[in-house]
Amino acid sequence: MFVFLGFAQLLNVMSYCPPIAKAIRPLLASLFASLLGLGHLGATHLVGGDFYYVHLGGDQYQITLKVYRDCSPANVNGTGFDDQVVIGQWDGTGLITSADVVTIPLTFSNVTNIPVEMGNPCGTPPPELCIEQAVYTTTVTLPPNAYGWDLVYQRCCRNPTIVNLDDFGGTENAGMTLDIHIPGTDITTESNSSPAFQELPPVALCSNLPFVWDHSAVDSDGDELVYSLCAPLQGADAANAQPNPPSTPPYVPVPYMPGFTWDNPITADPAMVIDSQTGQLSCTPTVPGQYAIGICVEEYRDGTLLSTVRRDFQFNVTTCEPTEMVLEADAVPFAAGGLTSLVSYNEALGLPAVFSYPNGESFPMAAWIADNSTPIVVDGQTMVIDAVVIEGCNDARFTIFRPESEAAFLDTTYLTLTGTASDGLDFSEDFYEVIMLADSISSDIELGLVDDNVDEGVEHLLIECVYVNACDQVSSTLARVVILDPLPIVATPAPLSCLDANGNQTLGYENISGYGPFHYTWDGNDWNNASHPPSEWTVSFDSLFHFLDASGELQHETVVELVVEDQCGNVTNHLIPVLHPVSIDAELCPLTDIPFPAYNDDIPVADVLYGGISILNEPASGVPLVAHASLAGSHWKLSGLEALDTPNAWEEILTIVDSCGFETQSLVRIRDCGIPNVFTPDNLSGNNVFRVRGLSGMSGTRLMMFNRYGTLIWSDETKLDSESQLVWDGSYLNDDPAPEGHYQWVLQRPNGEHEHGSLHLFRAQ
């Protein structure tokens with residue numbers, strides 16, 4: 001009894017002497033708690049909480065209590081959540097019994113860590129800050145009564161580091177009360193569920209940076225909600241940290257330090273306010289510290305207040321360090337032809353180590369690869385370049401990154417370009433800014449090179465990329481780009497050689513220059529073996545297959561298209577004749593000369609065989625063909641060609657052999673070439689028709705007759721190889737007789753060649 005009397009007297013002294021009270025209050029509270037064996041209950045860990053209910057129907061209500069605790073080192077005793085909480089139930093009489101107390105056990109799966117986020121993307125939360133949430137929920141039976149029900153939870157104690165609350169009795173003694181009201185039948189007989197706040201606001205705010213937060217609640221009944229700042233309620237103390245039952249209403253607001261009130265709970269400019277209709281909470285805090293605040297939401301139905309839900313919470317205002325900005329801008333070369341990198345040239349191809357331009361400038365190929373670590377001299381400056389780009393070939397692509405914390409904002413990145421390249425001439429004049437869209441952390445831009453067709457040699461650009469984030473913090477980066485003029489492809493086809501026994505012919509190029517590596521297409525096939533010597537560049541041909549047309553006839557000419565494409569997509573092509581045996585298909589008159597090629601492309605014709613015997617020299621006796629051969633420029637000429645013991649119209653096979661050893665059988669036809677120039681279609685003499693003979697084996701040969709005005713009056717053609725002649729009887733196509741006079745004839749062979757001559761038609765009187 002003496003001890004308690006001493007404490008009572010001491011408390012009486014403290015009430016008259018505030019300085020003494022302030023000095024001994026913490027010691028007194030600690031001692032008092034120790035004497036009662038309750039020191040562990042007085043731990044300072046409460047951050048706040050909120051309380052709401054849902055009407056399940058009838059007398060059943062689901063109640064939910066959320067409690068927030070400090071899990072940082074500031075919770076020196078490491079006090080956790082209570083294994084169970086005590087909820088007091090008061091009816092309208094204001095009385096409570098043990099039967100009116102509900103205990104809710106904690107399911108520890110309902111304990112979660114609250115992510116510590118800043119109320120501004122520019123801030124970095126204090127590393128020691130830690131907040132946990134515990135959710136207690138149960139169902140209670142509350143029959144209707146005239147004055148409704150009040151449900152109350154009380155707990156001690158708050159953090160002693162709170163700066164906006166008066167420490168009368170020790171801040172740690174300023175416990176917390178959370179209460180909710182279920183309206184009675186005097187207010188409404190309709191069902192009602194209370195509003196419930198949505199997400200927690202950030203627990204940490206940056207000093208001197210704006211803070212805006214949607215602190216709205218939801219109401220399942222669709223009642224009108226009105227928001228306001230309000231005072232947290234005091235309840236419990238270190239001596240009775242979890243009252244059972246809780247104390248009787250009404251409850252006292254927490255005491256504020258001078259300069260603070262429930263509607264001005266934090267040092268800020270502009271002050272903290274909440275929009276009464278939307279619940280948007282805003283301020284710009286100016287002084288670091290820990291502040292306790294209260295947010296209330298009232299629900300109205302038809303203008304009548306039904307209930308109020310109070311959230312008790314703490315804001316930690318801290319001095320924020322600038323967010324570390326990461327801004328990357330690398331110039332990456334890419335080719336128009338789809339190739340992704342420009343590489344050094346292959347010395348085996350004879351390419352230079354330095355490219356020189358007509359204006360006297362040069363550029364070392366050692367610096368060709370992007371991000372080269374070797375400093376080089378460009379325009380008299382020593383630099384390490386990020387990319388080499390070529391006008392009309394490739395471009396410089398930049399990817400700009402910003403922190404994910406900035407992704408919610410629409411921002412603009414500005415570019416500054418200096419160097420020897422000219423705006424609008426060498427690159428696009430629009431290359432000065434890039435828009436960073438909301439929900440994006442990167443953006444790609446291209447320099448937009450322009451081929452101005454002017455020999456400028458080597459130029460360079462220094463590109464500075466400046467980014468200003470939502471917090472007005474500035475970050476910048478640099479990129480260096482070398483711009484080269486385009487170079488034409490120079491590619492000389494390699495000399496041709498004979499097909500080998502397998503039908504393989506070497507094809508390729510010599511003295512290749514330009515922007516490599518090169519891409520080759522030969523005869524429609526891709527060849528990417530430029531690293532091999534030209535002697536290994538071969539293409540296979542079948543001399544019996546490739547040289548026959550769709551009808552099985554021997555083709556007179558075959559070419560292969562050799563295409564070279566450089567890194568820039570520029571193309572040069574060459575049509576290269578394939579070296580294969582020459583053939584002739586000649587129709588001759590007796591005793592005339594036969595000209596045939598002396599060279600098969602670049603390969604000389606070595607011999608001509610008839611019956612297996614050479615006739616390029618005076619043939620031996622008994623050869624069925626008489627001829628004399630002589631070389632006349634680029635052709636051989638066979639003179640005095642005639643058949644022995646053959647009719648006037650005949651055909652024979654000659655075998656032509658080139659110096660590669662390939663043989664080609666060629667057809668030679670000899671016919672009766674006597675074509676008259678006068679005839680008398682009068683049936684009185686023996687010269688009644690005009691005829692062209694020696695057409696055996698030449699189906700599709702057409703004979704046409706034209707009058708002196710150039711009008712076609714008659715035509716006919718051979719239908720079968722067995723037809724040896726074409727005959728005109730002097731009539732029109734309608735069988736009317738043609739008048740006497742002068743006419744022109746044209747003989748068109750199947751191969752398209754023509755013969756023509758004059759003819760006079762006489763008729764006897």
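Data for the structure
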{"read-out": "Arg397, Arg310 arranged by Cβ crowding within 10 Å, fewest neighbours leading", "value": "Arg397, Arg310"}
{"read-out": "Computed lengthening from Tyr357 to Val218, 0.36 nm per intervening residue step minus Cα-Cα distance", "value": "42.7 nm"}
{"read-out": "Förster radius 35 Å - calculated FRET efficiency between Val678 and Glu723, Cβ distance, rounded to 0.05", "value": "0.90"}
{"read-out": "Tensor-based shape of the stretch 221-285 (alpha-carbon gyration tensor, a/c under 1.5 rounded, otherwise prolate or oblate)", "value": "oblate"}
{"read-out": "Distance in nm between pseudo-label sites at Thr248 and Asn110 (7 Å out along the Cβ direction from Cα)", "value": "3.0"}
{"read-out": "Gln62 paired with Val571, simple spin-label distance in nm, labels 7 Å along Cα-to-beta-carbon", "value": "7.0"}
{"read-out": "Computed FRET value (nearest 0.05) for Val76 with Ala146, which takes r as the C-beta separation and R₀ as 51 Å", "value": "0.60"}
{"read-out": "Ascending count of other beta-carbon atoms within 10 Å, so fewest first, for Met176, Met272", "value": "Met272, Met176"}
{"read-out": "Ser443 versus Thr416: modelled label distance in nm, points set 7 Å from Cα along the beta carbon direction", "value": "1.9"}
{"read-out": "Sites Thr492 and Leu425, calculated FRET efficiency, Cβ-Cβ separation with R0 30 Å, nearest 0.05", "value": "0.35"}
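Coordinate-derived values only; no laboratory data. Quick caveat: nothing in here was measured; it's all calculated off a predicted structure. In this analysis, Cβ positions are derived from the backbone assuming ideal geometry, glycine residues included, and neighbour counts consider all displayed protein chains.
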